[in-house]
Amino acid sequence: MTDAHALTLFNSLTRQLEPFQPVHEGEARVYSCGPTVYNYPHIGNMRAYVFADILGRTLSHKGYKLTHVINITDVGHLTDDADAGEDKMEKMAAEKAQSIWDIARHYTEAYWTDIAALNIRQPAQWSVATEYVPQMIEFAKQIADKHCYEIDSGLYFDVSTVADYGRLARAVTEEGEGRIEAVDGKRNAADFAIWRKTPVGEKRQMEWDSPWGPGAPGWHLECSVMSGKLLGFPFDIHTGGIDHREIHHPNEIAQNQAFCCTNGLDIPANSGARVWMHNNFLVERSGKMSKSSGEFLRLQLLIDKGYHPLAYRMMCLQAHYRSELEFSWDGLGAALTRLKRMIMAAERLAGVEAGSPSHPKLAAMVETFEKAMSEDLNTPVALTALEDVLAAKKVDPAAKRAVVEAMDAVLGLDLFGTSRADLRLRPKSAVISETEIEAALAARKDARAAKDFAASDALRDELAAKGVEVMDGDPLGWEWKLG
(Lines give C-alpha, C1' and ligand atoms only; values in the text may rest on other atoms or scores of the structure.)
Protein backbone atom coordinates (compact mmCIF):
# COMPACT_ATOMS: atom_id res chain seq x y z
CA MET A 1 0.00 0.00 0.00
CA THR A 2 1.19 3.51 -0.75
CA ASP A 3 0.29 6.44 1.45
CA ALA A 4 0.09 9.98 0.14
CA HIS A 5 -1.47 11.39 3.30
CA ALA A 6 0.54 13.38 5.84
CA LEU A 7 -0.08 12.38 9.44
CA THR A 8 -1.95 14.93 11.54
CA LEU A 9 -2.43 14.54 15.29
CA PHE A 10 -4.41 16.42 17.92
CA ASN A 11 -2.06 18.23 20.28
CA SER A 12 -3.64 18.64 23.72
CA LEU A 13 -1.24 21.50 24.47
CA THR A 14 -2.42 23.66 21.55
CA ARG A 15 -5.91 22.10 21.35
CA GLN A 16 -5.64 21.72 17.59
CA LEU A 17 -4.77 19.26 14.84
CA GLU A 18 -1.19 19.60 13.67
CA PRO A 19 0.94 17.90 11.00
CA PHE A 20 3.43 15.53 12.59
CA GLN A 21 6.91 17.01 12.24
CA PRO A 22 9.53 14.82 13.91
CA VAL A 23 12.29 16.37 15.98
CA HIS A 24 14.78 14.01 14.31
CA GLU A 25 14.20 13.35 10.61
CA GLY A 26 12.85 9.88 9.93
CA GLU A 27 12.41 9.08 13.64
CA ALA A 28 9.51 9.12 16.06
CA ARG A 29 10.23 9.15 19.79
CA VAL A 30 7.23 8.47 22.02
CA TYR A 31 6.82 8.28 25.80
CA SER A 32 3.69 6.79 27.38
CA CYS A 33 2.78 7.07 31.04
CA GLY A 34 2.65 3.50 32.31
CA PRO A 35 0.95 1.83 35.26
CA THR A 36 1.53 2.17 38.98
CA VAL A 37 2.01 -1.50 39.82
CA TYR A 38 0.16 -1.69 43.12
CA ASN A 39 -2.86 -3.59 41.74
CA TYR A 40 -4.16 -5.16 38.56
CA PRO A 41 -4.90 -2.71 35.74
CA HIS A 42 -8.59 -2.31 34.92
CA ILE A 43 -9.80 -2.25 31.34
CA GLY A 44 -10.09 1.54 31.42
CA ASN A 45 -6.35 1.70 32.16
CA MET A 46 -5.68 -0.66 29.26
CA ARG A 47 -7.48 1.60 26.78
CA ALA A 48 -4.53 4.00 27.08
CA TYR A 49 -2.10 1.30 25.91
CA VAL A 50 -4.31 0.18 23.02
CA PHE A 51 -4.35 3.84 21.92
CA ALA A 52 -0.57 4.22 22.32
CA ASP A 53 -0.09 0.97 20.37
CA ILE A 54 -2.25 2.23 17.49
CA LEU A 55 -0.21 5.45 17.46
CA GLY A 56 3.05 3.49 17.37
CA ARG A 57 1.82 1.11 14.66
CA THR A 58 0.69 4.08 12.56
CA LEU A 59 4.07 5.79 12.91
CA SER A 60 5.78 2.55 11.88
CA HIS A 61 3.39 2.23 8.91
CA LYS A 62 4.34 5.75 7.88
CA GLY A 63 7.98 4.67 7.72
CA TYR A 64 9.33 6.30 10.89
CA LYS A 65 11.92 4.57 13.02
CA LEU A 66 9.94 4.29 16.24
CA THR A 67 11.39 4.46 19.74
CA HIS A 68 8.58 3.96 22.25
CA VAL A 69 9.15 4.03 26.02
CA ILE A 70 6.56 3.01 28.63
CA ASN A 71 7.39 3.47 32.30
CA ILE A 72 6.58 1.26 35.26
CA THR A 73 5.85 3.28 38.42
CA ASP A 74 6.92 1.19 41.40
CA VAL A 75 7.49 4.05 43.86
CA GLY A 76 6.30 7.57 44.60
CA HIS A 77 2.72 7.59 43.26
CA LEU A 78 0.41 8.57 46.08
CA THR A 79 -3.19 7.49 46.56
CA ASP A 80 -4.33 10.77 45.01
CA ASP A 81 -2.94 11.91 41.65
CA ALA A 82 -2.60 15.41 43.09
CA ASP A 83 0.14 14.37 45.54
CA ALA A 84 -2.04 13.51 48.54
CA GLY A 85 -2.27 10.43 50.75
CA GLU A 86 -0.01 7.45 51.16
CA ASP A 87 2.32 5.87 48.62
CA LYS A 88 0.15 3.37 46.70
CA MET A 89 2.93 0.77 46.68
CA GLU A 90 3.69 1.04 50.40
CA LYS A 91 -0.04 0.94 51.20
CA MET A 92 -0.65 -2.28 49.23
CA ALA A 93 2.48 -3.95 50.63
CA ALA A 94 1.21 -3.25 54.15
CA GLU A 95 -2.27 -4.55 53.33
CA LYS A 96 -0.90 -7.74 51.79
CA ALA A 97 1.87 -8.13 54.38
CA GLN A 98 4.32 -8.63 51.51
CA SER A 99 7.55 -7.07 50.37
CA ILE A 100 6.95 -4.01 48.23
CA TRP A 101 9.36 -5.49 45.69
CA ASP A 102 7.22 -8.64 45.47
CA ILE A 103 4.09 -6.50 45.03
CA ALA A 104 5.76 -4.59 42.20
CA ARG A 105 6.97 -7.74 40.47
CA HIS A 106 3.60 -9.50 40.66
CA TYR A 107 1.53 -6.63 39.28
CA THR A 108 4.12 -5.71 36.63
CA GLU A 109 3.95 -9.26 35.29
CA ALA A 110 0.13 -9.16 35.39
CA TYR A 111 0.21 -5.92 33.37
CA TRP A 112 2.59 -7.46 30.83
CA THR A 113 0.24 -10.45 30.50
CA ASP A 114 -2.59 -8.06 29.60
CA ILE A 115 -0.35 -6.22 27.14
CA ALA A 116 0.35 -9.50 25.32
CA ALA A 117 -3.31 -10.61 25.41
CA LEU A 118 -4.38 -7.35 23.72
CA ASN A 119 -1.75 -7.80 20.99
CA ILE A 120 0.00 -4.60 22.04
CA ARG A 121 3.51 -4.43 20.62
CA GLN A 122 6.43 -4.38 23.01
CA PRO A 123 7.94 -0.88 23.33
CA ALA A 124 11.60 -0.26 22.67
CA GLN A 125 12.09 -0.04 26.43
CA TRP A 126 10.23 -0.48 29.70
CA SER A 127 11.61 2.07 32.16
CA VAL A 128 11.26 1.10 35.82
CA ALA A 129 11.20 4.08 38.18
CA THR A 130 13.34 2.58 40.96
CA GLU A 131 16.17 2.03 38.48
CA TYR A 132 16.44 5.78 37.86
CA VAL A 133 16.42 7.22 41.39
CA PRO A 134 20.06 8.46 41.25
CA GLN A 135 19.23 10.33 38.02
CA MET A 136 16.10 11.75 39.68
CA ILE A 137 18.17 13.12 42.55
CA GLU A 138 20.61 14.74 40.09
CA PHE A 139 17.72 16.24 38.11
CA ALA A 140 16.21 17.67 41.32
CA LYS A 141 19.57 19.11 42.39
CA GLN A 142 19.91 20.87 39.04
CA ILE A 143 16.57 22.68 39.33
CA ALA A 144 16.37 23.10 43.12
CA ASP A 145 18.05 26.50 43.50
CA LYS A 146 15.86 28.37 41.01
CA HIS A 147 12.61 26.46 41.15
CA CYS A 148 12.21 24.59 44.45
CA TYR A 149 12.02 25.14 48.19
CA GLU A 150 12.32 22.81 51.15
CA ILE A 151 9.77 22.35 53.94
CA ASP A 152 9.40 19.72 56.64
CA SER A 153 7.67 17.19 54.37
CA GLY A 154 10.05 17.48 51.43
CA LEU A 155 11.32 19.44 48.45
CA TYR A 156 8.56 21.26 46.55
CA PHE A 157 8.42 22.79 43.08
CA ASP A 158 7.27 26.41 42.98
CA VAL A 159 4.98 26.60 39.94
CA SER A 160 5.23 30.41 39.83
CA THR A 161 8.85 30.06 38.63
CA VAL A 162 7.89 28.81 35.15
CA ALA A 163 5.84 30.49 32.44
CA ASP A 164 2.38 29.26 31.47
CA TYR A 165 1.98 26.71 34.24
CA GLY A 166 -1.23 24.74 33.68
CA ARG A 167 -1.69 25.67 30.02
CA LEU A 168 -2.11 21.99 29.11
CA ALA A 169 -5.06 21.78 31.50
CA ARG A 170 -6.34 25.18 30.31
CA ALA A 171 -5.94 26.62 33.82
CA VAL A 172 -6.65 24.93 37.13
CA THR A 173 -10.39 24.44 37.52
CA GLU A 174 -12.24 24.63 40.80
CA GLU A 175 -12.53 20.85 40.69
CA GLY A 176 -8.80 20.59 40.09
CA GLU A 177 -8.04 22.88 43.01
CA GLY A 178 -10.08 20.55 45.21
CA ARG A 179 -7.75 17.71 44.30
CA ILE A 180 -4.60 19.57 45.34
CA GLU A 181 -3.17 18.68 48.69
CA ALA A 182 -3.10 21.27 51.46
CA VAL A 183 0.38 21.09 52.97
CA ASP A 184 1.73 23.42 55.62
CA GLY A 185 4.44 25.61 54.16
CA LYS A 186 3.47 25.40 50.48
CA ARG A 187 3.80 28.76 48.74
CA ASN A 188 1.16 28.08 46.09
CA ALA A 189 -1.77 25.66 46.12
CA ALA A 190 -0.53 23.97 42.93
CA ASP A 191 3.07 23.44 44.13
CA PHE A 192 4.00 19.77 44.15
CA ALA A 193 6.55 17.45 45.71
CA ILE A 194 9.82 16.74 43.94
CA TRP A 195 11.16 14.72 46.88
CA ARG A 196 9.13 13.38 49.82
CA LYS A 197 11.03 13.04 53.05
CA THR A 198 10.41 9.98 55.18
CA PRO A 199 8.72 11.28 58.35
CA VAL A 200 10.94 11.30 61.43
CA GLY A 201 10.70 8.01 63.28
CA GLU A 202 9.35 6.10 60.26
CA LYS A 203 11.03 3.78 57.74
CA ARG A 204 9.83 3.15 54.21
CA GLN A 205 10.46 -0.13 52.40
CA MET A 206 11.59 2.02 49.47
CA GLU A 207 13.71 5.01 50.45
CA TRP A 208 16.97 6.58 49.36
CA ASP A 209 19.38 9.13 50.81
CA SER A 210 19.25 12.58 49.23
CA PRO A 211 20.43 16.14 49.94
CA TRP A 212 16.96 16.71 51.47
CA GLY A 213 17.06 13.66 53.74
CA PRO A 214 15.99 10.03 53.27
CA GLY A 215 12.82 9.59 51.27
CA ALA A 216 11.44 8.87 47.81
CA PRO A 217 10.98 10.84 44.59
CA GLY A 218 7.69 12.47 43.65
CA TRP A 219 5.64 10.71 40.98
CA HIS A 220 5.79 13.65 38.58
CA LEU A 221 9.59 13.78 38.75
CA GLU A 222 9.93 10.18 37.61
CA CYS A 223 8.39 10.68 34.18
CA SER A 224 10.40 13.84 33.45
CA VAL A 225 13.65 12.07 34.27
CA MET A 226 12.98 8.83 32.40
CA SER A 227 11.57 10.49 29.27
CA GLY A 228 14.45 12.94 29.11
CA LYS A 229 17.13 10.30 29.74
CA LEU A 230 15.78 7.79 27.23
CA LEU A 231 14.43 10.04 24.47
CA GLY A 232 16.15 13.39 24.94
CA PHE A 233 14.45 16.78 25.24
CA PRO A 234 12.50 17.69 23.24
CA PHE A 235 11.09 14.38 22.01
CA ASP A 236 8.13 13.93 19.69
CA ILE A 237 5.02 12.69 21.49
CA HIS A 238 3.95 12.14 25.10
CA THR A 239 0.78 10.06 25.62
CA GLY A 240 -1.46 9.25 28.56
CA GLY A 241 -5.03 9.11 29.76
CA ILE A 242 -7.06 12.31 29.84
CA ASP A 243 -6.93 12.22 33.66
CA HIS A 244 -3.20 13.04 33.42
CA ARG A 245 -3.93 16.23 31.46
CA GLU A 246 -5.04 18.18 34.52
CA ILE A 247 -2.25 17.68 37.08
CA HIS A 248 0.39 15.04 36.31
CA HIS A 249 1.35 16.24 32.85
CA PRO A 250 1.31 19.99 33.69
CA ASN A 251 3.69 19.16 36.55
CA GLU A 252 5.93 17.18 34.21
CA ILE A 253 5.96 20.10 31.80
CA ALA A 254 6.93 22.54 34.57
CA GLN A 255 9.87 20.33 35.57
CA ASN A 256 10.94 19.98 31.93
CA GLN A 257 10.86 23.75 31.48
CA ALA A 258 12.97 24.20 34.61
CA PHE A 259 15.49 21.54 33.60
CA CYS A 260 15.84 22.70 30.00
CA CYS A 261 15.78 26.42 30.92
CA THR A 262 13.04 27.05 28.37
CA ASN A 263 10.50 29.85 28.38
CA GLY A 264 6.74 29.89 27.76
CA LEU A 265 4.65 27.29 26.03
CA ASP A 266 3.86 29.30 22.90
CA ILE A 267 6.59 27.04 21.52
CA PRO A 268 5.22 23.53 22.30
CA ALA A 269 8.69 21.94 22.28
CA ASN A 270 9.50 23.97 25.43
CA SER A 271 7.23 21.52 27.28
CA GLY A 272 9.69 18.68 26.72
CA ALA A 273 7.58 17.08 23.99
CA ARG A 274 6.30 18.61 20.77
CA VAL A 275 2.92 16.89 20.99
CA TRP A 276 0.87 15.80 24.01
CA MET A 277 -1.86 13.24 23.25
CA HIS A 278 -4.59 11.94 25.58
CA ASN A 279 -7.17 9.21 25.21
CA ASN A 280 -10.59 9.76 26.73
CA PHE A 281 -12.22 7.70 29.48
CA LEU A 282 -13.82 4.31 29.28
CA VAL A 283 -17.17 4.79 31.01
CA GLU A 284 -18.81 1.96 32.93
CA ARG A 285 -22.10 2.79 34.64
CA SER A 286 -22.14 0.13 37.38
CA GLY A 287 -19.08 1.51 39.19
CA LYS A 288 -17.04 -1.67 38.73
CA MET A 289 -14.19 0.16 37.02
CA SER A 290 -12.84 1.25 40.38
CA LYS A 291 -10.23 -0.97 41.96
CA SER A 292 -11.96 -0.47 45.30
CA SER A 293 -15.13 -2.19 44.06
CA GLY A 294 -13.96 -5.78 44.67
CA GLU A 295 -14.51 -7.66 41.41
CA PHE A 296 -13.51 -4.69 39.27
CA LEU A 297 -13.34 -4.86 35.49
CA ARG A 298 -9.93 -6.22 34.62
CA LEU A 299 -9.11 -8.06 31.43
CA GLN A 300 -9.02 -11.43 33.17
CA LEU A 301 -12.65 -10.97 34.25
CA LEU A 302 -13.65 -10.56 30.60
CA ILE A 303 -11.72 -13.74 29.74
CA ASP A 304 -13.32 -15.58 32.68
CA LYS A 305 -16.73 -14.69 31.28
CA GLY A 306 -15.82 -16.12 27.87
CA TYR A 307 -14.82 -13.00 25.94
CA HIS A 308 -11.61 -13.10 23.96
CA PRO A 309 -9.34 -10.13 24.86
CA LEU A 310 -9.16 -9.08 21.21
CA ALA A 311 -12.90 -8.35 21.44
CA TYR A 312 -12.00 -5.61 23.91
CA ARG A 313 -9.34 -4.29 21.52
CA MET A 314 -12.02 -4.22 18.81
CA MET A 315 -14.33 -2.36 21.19
CA CYS A 316 -11.65 0.28 21.75
CA LEU A 317 -11.05 0.72 18.01
CA GLN A 318 -14.76 1.21 17.34
CA ALA A 319 -14.55 4.59 19.09
CA HIS A 320 -12.14 7.43 18.32
CA TYR A 321 -9.48 7.60 21.03
CA ARG A 322 -10.57 11.16 21.99
CA SER A 323 -14.20 10.10 22.48
CA GLU A 324 -15.64 8.58 25.62
CA LEU A 325 -16.25 4.86 25.20
CA GLU A 326 -19.08 3.27 27.15
CA PHE A 327 -18.51 -0.30 28.27
CA SER A 328 -21.35 -2.82 28.36
CA TRP A 329 -21.42 -6.59 28.12
CA ASP A 330 -23.77 -6.36 25.12
CA GLY A 331 -21.34 -3.99 23.44
CA LEU A 332 -18.45 -6.35 24.11
CA GLY A 333 -20.48 -9.23 22.67
CA ALA A 334 -21.19 -7.20 19.53
CA ALA A 335 -17.48 -6.42 19.17
CA LEU A 336 -16.70 -10.13 19.49
CA THR A 337 -19.22 -10.96 16.74
CA ARG A 338 -17.73 -8.29 14.48
CA LEU A 339 -14.23 -9.63 15.09
CA LYS A 340 -15.45 -13.17 14.34
CA ARG A 341 -16.90 -12.06 11.00
CA MET A 342 -13.57 -10.48 10.06
CA ILE A 343 -11.55 -13.53 11.10
CA MET A 344 -13.88 -15.83 9.13
CA ALA A 345 -13.33 -13.64 6.07
CA ALA A 346 -9.57 -13.71 6.66
CA GLU A 347 -9.65 -17.52 6.96
CA ARG A 348 -10.87 -17.67 3.36
CA LEU A 349 -7.47 -16.24 2.41
CA ALA A 350 -5.60 -19.00 4.27
CA GLY A 351 -2.88 -20.46 2.08
CA VAL A 352 -2.87 -17.43 -0.22
CA GLU A 353 0.54 -15.80 -0.52
CA ALA A 354 0.45 -12.03 -0.37
CA GLY A 355 1.29 -10.36 -3.64
CA SER A 356 1.20 -6.79 -4.86
CA PRO A 357 -1.38 -4.76 -2.93
CA SER A 358 -2.17 -2.76 -6.07
CA HIS A 359 -5.63 -3.56 -7.40
CA PRO A 360 -8.12 -1.14 -8.97
CA LYS A 361 -11.12 -2.48 -7.01
CA LEU A 362 -9.27 -2.05 -3.71
CA ALA A 363 -7.76 1.37 -4.38
CA ALA A 364 -10.68 3.40 -2.99
CA MET A 365 -10.77 1.27 0.18
CA VAL A 366 -7.04 1.68 0.68
CA GLU A 367 -7.43 5.43 0.17
CA THR A 368 -10.21 5.57 2.80
CA PHE A 369 -8.08 3.61 5.27
CA GLU A 370 -4.96 5.72 4.79
CA LYS A 371 -6.89 8.97 5.02
CA ALA A 372 -8.66 7.84 8.20
CA MET A 373 -5.51 6.79 10.03
CA SER A 374 -3.69 9.93 8.86
CA GLU A 375 -6.42 12.15 10.28
CA ASP A 376 -5.71 11.72 13.98
CA LEU A 377 -6.01 7.91 14.05
CA ASN A 378 -9.65 7.58 12.99
CA THR A 379 -9.92 3.86 13.72
CA PRO A 380 -13.75 3.58 13.35
CA VAL A 381 -13.52 4.58 9.68
CA ALA A 382 -10.38 2.49 9.15
CA LEU A 383 -12.17 -0.61 10.52
CA THR A 384 -14.97 -0.17 8.01
CA ALA A 385 -12.44 0.12 5.18
CA LEU A 386 -10.80 -3.13 6.32
CA GLU A 387 -14.19 -4.86 6.38
CA ASP A 388 -14.89 -3.60 2.85
CA VAL A 389 -11.62 -5.13 1.63
CA LEU A 390 -12.45 -8.45 3.31
CA ALA A 391 -15.89 -8.47 1.65
CA ALA A 392 -14.68 -7.43 -1.80
CA LYS A 393 -15.65 -9.84 -4.62
CA LYS A 394 -13.81 -10.72 -7.83
CA VAL A 395 -10.49 -9.45 -6.48
CA ASP A 396 -7.10 -11.09 -6.91
CA PRO A 397 -6.66 -13.05 -3.62
CA ALA A 398 -2.93 -12.25 -3.46
CA ALA A 399 -3.63 -8.50 -3.65
CA LYS A 400 -6.45 -8.81 -1.15
CA ARG A 401 -4.25 -10.70 1.31
CA ALA A 402 -1.50 -8.07 1.00
CA VAL A 403 -3.92 -5.21 1.69
CA VAL A 404 -5.54 -6.96 4.66
CA GLU A 405 -2.11 -7.77 6.14
CA ALA A 406 -1.01 -4.14 5.81
CA MET A 407 -4.21 -2.78 7.38
CA ASP A 408 -4.14 -5.34 10.17
CA ALA A 409 -0.53 -4.45 10.94
CA VAL A 410 -1.85 -0.98 11.82
CA LEU A 411 -5.00 -2.03 13.70
CA GLY A 412 -3.43 -5.05 15.42
CA LEU A 413 -6.41 -7.42 15.41
CA ASP A 414 -4.20 -10.41 14.50
CA LEU A 415 -6.65 -11.58 11.84
CA PHE A 416 -4.32 -14.20 10.40
CA GLY A 417 -2.97 -15.35 13.75
CA THR A 418 -6.33 -15.92 15.43
CA SER A 419 -8.86 -18.57 14.42
CA ARG A 420 -12.61 -18.56 14.87
CA ALA A 421 -12.16 -21.41 17.35
CA ASP A 422 -9.70 -19.28 19.37
CA LEU A 423 -12.43 -16.71 19.95
CA ARG A 424 -14.77 -19.12 21.72
CA LEU A 425 -13.39 -19.11 25.24
CA ARG A 426 -14.79 -21.31 27.96
CA PRO A 427 -16.24 -19.22 30.80
CA LYS A 428 -14.75 -20.00 34.17
CA SER A 429 -18.22 -20.77 35.56
CA ALA A 430 -19.10 -23.29 32.84
CA VAL A 431 -20.17 -26.72 34.16
CA ILE A 432 -20.23 -28.55 30.82
CA SER A 433 -17.43 -29.46 28.42
CA GLU A 434 -17.32 -28.59 24.74
CA THR A 435 -17.35 -32.32 23.93
CA GLU A 436 -20.61 -32.71 25.88
CA ILE A 437 -22.09 -29.67 24.13
CA GLU A 438 -21.21 -30.93 20.66
CA ALA A 439 -22.62 -34.39 21.49
CA ALA A 440 -25.89 -32.87 22.72
CA LEU A 441 -26.14 -30.70 19.60
CA ALA A 442 -25.54 -33.72 17.36
CA ALA A 443 -28.30 -35.63 19.18
CA ARG A 444 -30.58 -32.61 18.86
CA LYS A 445 -29.85 -32.38 15.14
CA ASP A 446 -30.81 -36.05 14.73
CA ALA A 447 -34.03 -35.49 16.72
CA ARG A 448 -34.99 -32.53 14.53
CA ALA A 449 -34.26 -34.55 11.38
CA ALA A 450 -36.60 -37.27 12.73
CA LYS A 451 -39.18 -34.55 13.53
CA ASP A 452 -38.99 -35.53 17.20
CA PHE A 453 -39.39 -31.94 18.35
CA ALA A 454 -40.17 -32.90 21.93
CA ALA A 455 -36.74 -34.55 22.24
CA SER A 456 -35.15 -31.60 20.42
CA ASP A 457 -36.73 -29.09 22.81
CA ALA A 458 -35.75 -31.18 25.83
CA LEU A 459 -32.13 -31.21 24.74
CA ARG A 460 -32.22 -27.45 24.17
CA ASP A 461 -33.70 -26.90 27.66
CA GLU A 462 -31.08 -29.20 29.20
CA LEU A 463 -28.29 -27.21 27.54
CA ALA A 464 -29.88 -23.92 28.61
CA ALA A 465 -29.95 -25.12 32.22
CA LYS A 466 -26.17 -25.58 31.98
CA GLY A 467 -25.62 -22.09 30.58
CA VAL A 468 -25.43 -23.01 26.88
CA GLU A 469 -27.42 -20.86 24.46
CA VAL A 470 -28.28 -22.77 21.27
CA MET A 471 -28.18 -20.40 18.31
CA ASP A 472 -30.33 -21.99 15.63
CA GLY A 473 -29.69 -20.54 12.21
CA ASP A 474 -26.63 -18.55 13.29
CA PRO A 475 -25.49 -16.98 9.99
CA LEU A 476 -21.90 -17.16 11.20
CA GLY A 477 -22.15 -20.87 11.84
CA TRP A 478 -21.38 -20.56 15.53
CA GLU A 479 -24.12 -22.85 16.80
CA TRP A 480 -23.85 -22.20 20.52
CA LYS A 481 -22.35 -19.98 23.13
CA LEU A 482 -21.81 -20.31 26.85
CA GLY A 483 -23.57 -17.63 28.87
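Going highest first, how would you order 86-94, 342-350, 418-426 by mean Cβ packing within 10 Å? Before the final figure, lay out each step's value.
Values: 86-94: 19.7, 342-350: 17.4, 418-426: 15.0.
The peptides rank, most packed first, as 86-94, 342-350, 418-426.
Alpha carbon centre of region 209-233 versus region 61-123: separation in Å?
16 Å
Please give every one of the lysines within straight-line cross-link reach of K229, meaning a C-alpha to C-alpha distance under 20 Å, and leave out same-chain neighbours fewer than 8 residues apart.
K65, K141
By how many degrees, 0 to 90 and rounded to 10, does the Cα axis of helix 43-61 deviate from the longest principal axis of the chain?
90 degrees
If you take every DSSP beta bridge fully contained in region 6-134, what fraction is antiparallel? Give it as a percent rounded to 5. Please report the intermediate quantities before stating the final value.
Details: 6 of 17 bridges.
Here the share of antiparallel DSSP bridges comes out near 35 percent.
Only Cα pairs under 8 Å and at least 6 apart count here; give the relative contact order of region 1-105 as a rounded whole percent.
Working: 114 pairs, mean separation 26.3, N = 105.
That works out to 25 percent.
For the chain, what class follows from the C-alpha gyration tensor (a ≥ b ≥ c being the square roots of its eigenvalues): rounded when a/c is under 1.5, otherwise prolate if a/b is larger than b/c, else oblate?
On the way: a/c = 2.77, a/b = 1.59, b/c = 1.74.
Because a/c hits 1.5 or more and a/b fails to exceed b/c, the chain counts as oblate.
How many Å² of accessible area per residue for the chain, probe 1.4 Å? Before the final figure, lay out the partial values.
Working: 21020 Å² over 483 residues.
Here the residues of the chain average 44 Å² of exposed surface.
Between K141 and D472, what's the calculated FRET efficiency when r is the beta-carbon distance and R0 is 60 Å? Round to 0.05.
Details: r = 72 Å, r/R0 = 1.20.
Calculated value: 0.25.
Pulled fully out, how much extra length does the chain show between E27 and E462, if you take 0.36 nm times their separation in residues and subtract their Cα-Cα distance?
In short, 150.6 nm is gained.
What is the gain in length, in nm to one decimal, between A364 and V283 on full extension, counting 0.36 nm per residue of separation less the C-alpha to C-alpha distance? Walk me through the numbers before you get to the answer.
Details: separation 81, 0.36 × 81 = 29.16 nm, distance 3.46 nm.
Residue separation times 0.36 nm, minus the Cα-Cα distance, leaves 25.7 nm.
Pairs K305/K445; K62/K371; K88/K305; K340/K394: which exceed 20 Å Cα-Cα? Could the numbers behind the result be given before it?
On the way: K305/K445 27 Å; K62/K371 12 Å; K88/K305 29 Å; K340/K394 22 Å.
Those over the limit are K305/K445; K88/K305; K340/K394.
If contacts are Cα pairs under 8 angstrom and at least 6 residues apart, what is the relative contact order of the chain in percent?
17 percent
So how much slack lies between D376 and S60, counting 0.36 nm per residue of separation and subtracting their Cα-Cα distance, in nm?
Details: separation 316, 0.36 × 316 = 113.76 nm, distance 1.48 nm.
Taking D376 through S60 to full extension adds about 112.3 nm, to one decimal.
Just check region 129-262 against the gyration tensor rule for me: Cα atoms, a ≥ b ≥ c as the square roots of the eigenvalues, rounded for a/c under 1.5, and otherwise prolate or oblate depending on whether a/b exceeds b/c. Please list the in-between numbers first.
Details: a/c = 1.59, a/b = 1.18, b/c = 1.35.
Taking the square roots of the gyration eigenvalues as a ≥ b ≥ c, region 129-262 is oblate.
In terms of Cα to Cα distance under 21 Å, which lysines are near enough to K146, apart from those fewer than 8 places away along the same chain?
Qualifying lysines at Cα under 21 Å: K186, K197.
Need one value: the accessible area of V69 in square angstrom, 1.4 angstrom probe, rounded to the nearest 10.
Using a 1.4 Å probe on the heavy atoms, I get roughly 0 Å².
List the aspartates and glutamates whose alpha-carbon lies under 17 Å from that of K393, not counting same-chain residues fewer than 8 positions away?
The reachable aspartates and glutamates, counting only those whose Cα sits under 17 Å from K393, are E347.
How far is it, in nm, from the label point at R170 to the one at W329 when both lie 7 Å from their Cα along the line to the Cβ?
3.7 nm
First compute the accessible area of the chain with a 1.4 Å probe, then give the percent of it belonging to carbon and sulfur atoms. Intermediate values should be presented prior to the final figure.
On the way: 10290 of 21020 Å².
Solvent-exposed carbon and sulfur of the chain make up 49 percent of the total.
Using a simple spin-label model with points 7 Å from Cα along the Cα→Cβ vector, what separation in nm is obtained for Q125 and H5?
3.3 nm
For the chain, give me the percentage of DSSP beta bridges that are antiparallel, rounded to the nearest 5 percent. It would help to have the intermediate numbers written out before the result.
Numbers: 22 of 45 bridges.
Restricted to the chain, the bridges split so that about 50 percent are antiparallel.
What shape does region 394-457 have by the C-alpha gyration tensor, where a ≥ b ≥ c are the square roots of the eigenvalues, rounded means a/c under 1.5, and otherwise prolate means a/b greater than b/c and oblate the rest?
Values: a/c = 5.21, a/b = 2.03, b/c = 2.57.
It is oblate, given that a/c is not under 1.5 and a/b is not larger than b/c.
Could you list the residues of region 215-251 with an amide nitrogen less than 17 Å from a label point located 7 Å from the Cα of V200 in the Cα-to-C-beta direction?
Label zone hits: 215.
The values are calculated or read from the model by the stated rules, or taken from the named source; none is laboratory data. Bear in mind that the values here come from a model prediction, so they are computed numbers and not experimental data. As a convention, Cβ positions derive from the backbone with ideal geometry for all residues, glycine included, and neighbour counts pool all protein chains shown. SASA here: full protein model, heavy atoms, side chains in, ligands and nucleic acids out. Shrake-Rupley method; radii C 1.70, N 1.55, O 1.52, S 1.80 Å.
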